[in-house]
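Q: Below are the structure tokens for one structure; questions will follow.
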């Protein structure tokens with residue numbers, strides 16, 4: 001495979017959508033290029049496909065490409081701590097300020113297949129039983145037309161409901177076989193629209209004077225300059241005292257002057273100032289939300305004891321058992337798990353890497369990959385446990401210390417700085433241009449830069465506490 005083709009493809013995606021791809025996603029990028037070319041009718045002629053995109057790109061081909069490469073992994077009420085903060089602090093604040101006008105404007109930017117805006121709709125209906133008496137504008141936008149089609153259908157499988165409190169929210173769904181569909185009263189609250197954050201100008205009539213904007217796990221795929229422009233525009237879209245919610249890893253160290261940083265559980269919120277004059281801005285509040293308690297399933301009841309007969313029957317003739325299948329090779333399982341994770345098939349990756357560490361429990365690499373998959377699935381406490389095992393087996397695993405700091409930061413764990421100190425110690429004296437072991441192609445210098453960003457971010461968050 002000519003790496004020049006992959007670079008051309010990456011450049012096109014960057015021009016269209018501002019997307020960038022770290023070394024760990026290069027394999028995924030190549031597979032997306034191959035699938036897109038085949039579906040567009042070019043077969044294996046990747047060069048011809050790229051020539052067509054570069055000279056005569058059209059909406060149909062662009063959608064094919066974007067549907068292949070965009071990550072649409074999400075679920076209802078993702079990040080329980082954030083949703084508790086929305087229910088207990090942010091939405092009551094907005095509803096109180098808008099009680100007189102009864103006008104409410106909310107935007108879910110990068111809504112994927114709709115779980116986030118529908119979660120907002122369900123929460124609003126719970127907080128405001130007569131939501132029909134309000135003028136509600138609940139906008140949900142995404143770059144992928146395929147994801148928006150699924151969102152409008154509002155049909156979901158079990159995986160999208162894994163954090164759902166069935167007792168509280170079950171009435172919002174209708175069960176159809178192995179899937180569920182949201183009721184019309186919830187679906188009709190959300191307006192879906194395709195939008196490219198990197199190209200389109202906003203605020204516009206649809207996105208101006210927002211009370212709340214959520215844009216989570218979207219900006220991590222964009223380049224730094226574009227992220228700054230998008231966050232500035234989000235600030236311009238907000239009403240005074242409006243809220244902007246980003247994922248923890250997406251919060252800028254130096255937000256625009258119109259926005260103030262504050263903490264909310266294991267996420268971070270940007271609150272727009274009343275005035276452009278920083279000296280007249282209100283004090284930054286700190287919102288504290290209780291962490292959700294992980295409920296473990298009750299053990300299954302034991303079967304009744306088997307009654308042994310007084311006179312045992314004669315032993316039957318038993319044919320010899322076939323030889324057991326060969327044990328899976330942990331190295332193969334590790335490689336397959338990494339490939340599945342690169343494709344975004346997280347459930348498959350989790351199954352494979354769990355088999356890997358069961359077959360080879362002293363593989364630091366296996367526990368490290370398991371932690372990466374668990375973090376992607378927001379199983380943060382499980383990820384921390386796996387990282388502790390990896391670092392016990394290989395205390396000099398630099399990427400493990402760096403990942404530990406990142407996950408601890410997402411959990412609000414004060415051990416972040418200690419993990420970063422261990423990271424710096426483990427790479428002491430290593431040239432910056434050297435590749436970081438188990439680092440998916442990044443160099444030691446790039447890893448140092450990531451560690452410095454984590455240090456500054458954590459220091460800023462501690463100062464706000």
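Q: Among the residues of the stretch 163-188, how many are in a helix (DSSP H, G or I) and either surrounded by 10 or more Cβ atoms within 10 Å (Cβ to Cβ) or touching a residue at least 40 places away in the same chain (Cβ under 8 Å) (or both)?
A: 9
Q: Answer yes or no as to whether residue 263 is at pLDDT 55 or above, buried (at least 22 other Cβ atoms within 10 Å of the Cβ) and farther than 28 Å from residue 376 by Cβ.
A: no
Q: For the stretch 137-162, give me each residue that is in a strand (DSSP E or B) and under 22 Å from the mean Cα position of the chain (by Cα).
A: Matches in the stretch 137-162: 138, 139, 140, 141, 142, 155, 156.
A quick yes/no check of all residues on (1) part of a helix (DSSP H, G or I); (2) not assigned by TED's automatic domain parsing to the domain that holds residue 221:
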| position | (1), (2) |
| --- | --- |
| 74 | no, yes |
| 87 | yes, no |
| 93 | yes, no |
| 99 | no, no |
| 106 | no, no |
| 118 | yes, no |
| 122 | yes, no |
| 132 | yes, no |
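Q: Identify, from the list 391, 368, the residue that is under 23 Å from the mean Cα position of the chain (by Cα), in a helix (DSSP H, G or I) and not assigned by TED's automatic domain parsing to the domain that holds residue 161.
A: Among 391, 368, only 368 is under 23 Å from the mean Cα position of the chain (by Cα), in a helix (DSSP H, G or I) and not assigned by TED's automatic domain parsing to the domain that holds residue 161.
Q: Going by the conditions given, is residue 400 without any contact (Cβ under 8 Å) to a residue 60 or more places away in the chain and part of a helix (DSSP H, G or I)?
A: It is true that residue 400 is without any contact (Cβ under 8 Å) to a residue 60 or more places away in the chain and part of a helix (DSSP H, G or I).
Q: Another question, if that's okay. Restricting attention to the stretch 44-70, which residues are surrounded by fewer than 18 Cβ atoms within 10 Å (Cβ to Cβ) and assigned to a loop (DSSP other than H, G, I, E, B)?
A: Once the filter is applied, which keeps residues that are surrounded by fewer than 18 Cβ atoms within 10 Å (Cβ to Cβ) and assigned to a loop (DSSP other than H, G, I, E, B), the stretch 44-70 yields 44, 45, 56, 57, 58.
Let's see how each residue does on (1) crowded, with 22+ Cβ neighbours inside 10 Å; (2) modelled with pLDDT under 90; (3) within 27 Å of residue 330 (Cβ to Cβ):
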{"site": "367", "(1), (2), (3)": "yes, no, yes"}
{"site": "374", "(1), (2), (3)": "yes, yes, yes"}
{"site": "381", "(1), (2), (3)": "no, yes, yes"}
{"site": "385", "(1), (2), (3)": "no, yes, yes"}
{"site": "416", "(1), (2), (3)": "yes, yes, no"}
{"site": "421", "(1), (2), (3)": "no, no, no"}
{"site": "437", "(1), (2), (3)": "no, yes, yes"}
{"site": "441", "(1), (2), (3)": "no, yes, yes"}
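Q: Would you call residue 405 under 23 Å from residue 248 (Cα atoms), in the same structural domain as residue 342 (by TED's automatic domain parsing) and surrounded by fewer than 17 Cβ atoms within 10 Å (Cβ to Cβ)?
A: no
Q: So which residues in the stretch 423-435 are crowded, with 22+ Cβ neighbours inside 10 Å and assigned to a helix (DSSP H, G or I), if there are any at all?
A: 423
Q: Among the listed residues 119, 108, identify the single one that is within 29 Å of residue 70 (Cα to Cα), out of contact with any strand residue (DSSP E or B) (no Cβ under 6 Å at 6 or more places or on another chain) and surrounded by 16 or more Cβ atoms within 10 Å (Cβ to Cβ).
A: When all the criteria are applied, what remains is 119.
Q: Let me ask something additional. What is the number of the single condition among (1) within 30 Å of residue 339 (Cβ to Cβ); (2) touching a helix residue (DSSP H, G or I) at 6+ places or on another chain (Cβ under 7 Å); (3) modelled with pLDDT of 85 or more that residue 68 does not meet?
A: (3)
Q: How many of the residues in the stretch 189-233 are in a loop (DSSP other than H, G, I, E, B) and at pLDDT 95 or above?
A: Residues meeting the conditions: 1.
Q: Ok, one more. Can you tell me which residues in the stretch 420-436 are under 24 Å from residue 392 (Cβ atoms), touching a residue at least 12 places away in the same chain (Cβ under 8 Å) and over 25 Å from the mean Cα position of the chain (by Cα)?
A: 422, 424, 426, 427, 430
Q: Kindly check whether there is at least one residue in the stretch 115-124 that is in contact with a helix residue (DSSP H, G or I) (Cβ under 8 Å, 6 or more places away or on another chain) and modelled with pLDDT under 95.
A: no
Q: Another question, if that's okay. Kindly evaluate residue 38 against the criterion of being surrounded by fewer than 17 Cβ atoms within 10 Å (Cβ to Cβ) and without any contact (Cβ under 8 Å) to a residue 24 or more places away in the chain.
A: yes
Q: Identify the single condition in (1) under 26 Å from the mean Cα position of the chain (by Cα); (2) over 26 Å from residue 233 (Cα atoms); (3) touching a residue at least 12 places away in the same chain (Cβ under 8 Å) that residue 206 does not satisfy, given that it satisfies every other one.
A: Single failed check for residue 206: (2).
Q: Report every pair of residues separated by at least 6 positions or lying on different chains whose Cβ atoms are under 6 Å apart, first residue within the stretch 442-465 and under 15 Å from residue 413 (Cα atoms), second surrounded by 18 or more Cβ atoms within 10 Å (Cβ to Cβ) and at pLDDT 85 or above.
A: 454/405; 455/420; 458/409; 458/416
The values are calculated or read from the model by the stated rules, or taken from the named source; none is laboratory data. Fair warning: this is a prediction, and the values are worked out from it, not measured in the lab. A quick note on method: Cβ atoms are made from the backbone with ideal geometry, for glycine too, and the neighbour counts reach across all protein chains shown.
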